[in-house]
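Asks: To start, I am sharing the structure in question, which I have written as structure tokens.
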Ligand SMILES: [Zn+2]
């Protein structure tokens, strides 16, 4: 009886309070690419985000400057990330592209970006993640204390975990962790390495 009374009292006290407060969320995996910018302006995109109670938006794009236009429209809640794919299709080859470290170096120095990524390691496509180019990009992230966002595309986290192990001083955000990976595997990934 006492328990029932307490439950009724708590719901009477807190339900009006909870329903009066919008549940704000952080969206850590957004893209605003050229083909989205063609149909949705930065102002419209930000209005849609805020209308859906998104209080923090981490966004990366191809071309690379598009997330900055979103921040200009939406304010400080939009955090542009810089990815090494200057052209569509670069995601397969950039870890062997000698021009990438120079392009990437400009991002933190511009003061317009808050992280690097996202990067898309997709097993089976022959990408190499042990190249000097990839190491230089991670070194850049470490030097500027920027997180690196990595897309999780396989049904096991081994590939992602190996990258985290090779770069213990970098900090990684796992994107799409709730997509293909089951919750228990995602939880194991996050607890296995301190830099995830
Ligand atoms: Zn993505």
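Read the figures in this text as sums done on the coordinates, not as results from a lab. Every value quoted in this text rests on a predicted model; they were computed, and no experiment measured them. FYI the Cβ positions are ideal-geometry reconstructions off the backbone, even for glycines, and counts take in every protein chain you see.
Asks: Quick one: compute the contact order of the stretch 22-81, relative version, from alpha carbon pairs under 8 angstrom and 6+ residues apart, as a percent.
Replies: Result for the stretch 22-81 is 41 percent.
Asks: To two decimal places, what compactness ratio does the stretch 22-81 give when its Cα radius of gyration is scaled by 2.2 N^0.38 Å?
Replies: Relative to the 2.2 N^0.38 Å estimate, the stretch 22-81 comes out at 1.00.
Asks: Now, a different point. If I take R0 = 30 Å and measure r between the Cβ atoms of residue 131 and residue 56 in this structure, what FRET efficiency does the formula 1/(1 + (r/R0)^6) give, to the nearest 0.05?
Replies: That pair, residue 131 with residue 56, gives E of 0.40.
Asks: Please state, rounded to one decimal and in Å, the Kirkwood hydrodynamic radius that the stretch 25-136 gives when every pair of distinct Cα atoms enters the mean of 1/r.
Replies: That comes to 14.7 Å for the stretch 25-136.
Asks: Report relative contact order for the chain in percent, whole number only (criteria: Cα-Cα under 8 Å, sequence separation at least 6).
Replies: 14
Asks: While we're on this one: Using the C-alpha atoms of the stretch 83-196, what convex hull volume per residue, in cubic angstrom, is computed?
Replies: 98
Asks: I've got another one for you. In deg cm²/dmol, rounded to 500, what helix-only [θ] at 222 nm does the chain give when every DSSP H run of at least 4 residues adds -39500 (n - 2.57) and the total is split over its residues?
Replies: Computed ellipticity for the chain at 222 nm equals -13000 deg cm²/dmol.
Asks: Please compute P(r) over all alpha-carbon pairs of the stretch 96-146, binned at 10 Å starting from zero, and give each bin as a whole-number percent.
Replies: Calculated P(r), rounded to whole percents: 23, 54, 21, 2.
Asks: Please work out how much length the chain gains when fully extended from residue 143 to residue 87, using 0.36 nm per residue of separation minus the C-alpha to C-alpha distance, in nm with one decimal.
Replies: 17.6 nm
Asks: Springs between alpha-carbon atoms under 10 Å, Gaussian network over the chain: tell me which of 169, 65, 98 tops the mean-square fluctuations.
Replies: Among 169, 65, 98, the largest GNM mean-square fluctuation belongs to 98.
Asks: Between residue 39 and residue 72, how high is the FRET efficiency from 1/(1 + (r/R0)^6) when r is the Cβ-Cβ distance and R₀ = 25 Å? Nearest 0.05.
Replies: 0.85
Asks: Give, to the nearest whole percent, the P(r) tail of the chain beyond 20 angstrom, counting all Cα pairs.
Replies: Of the Cα pairs, 61 percent sit more than 20 Å apart.
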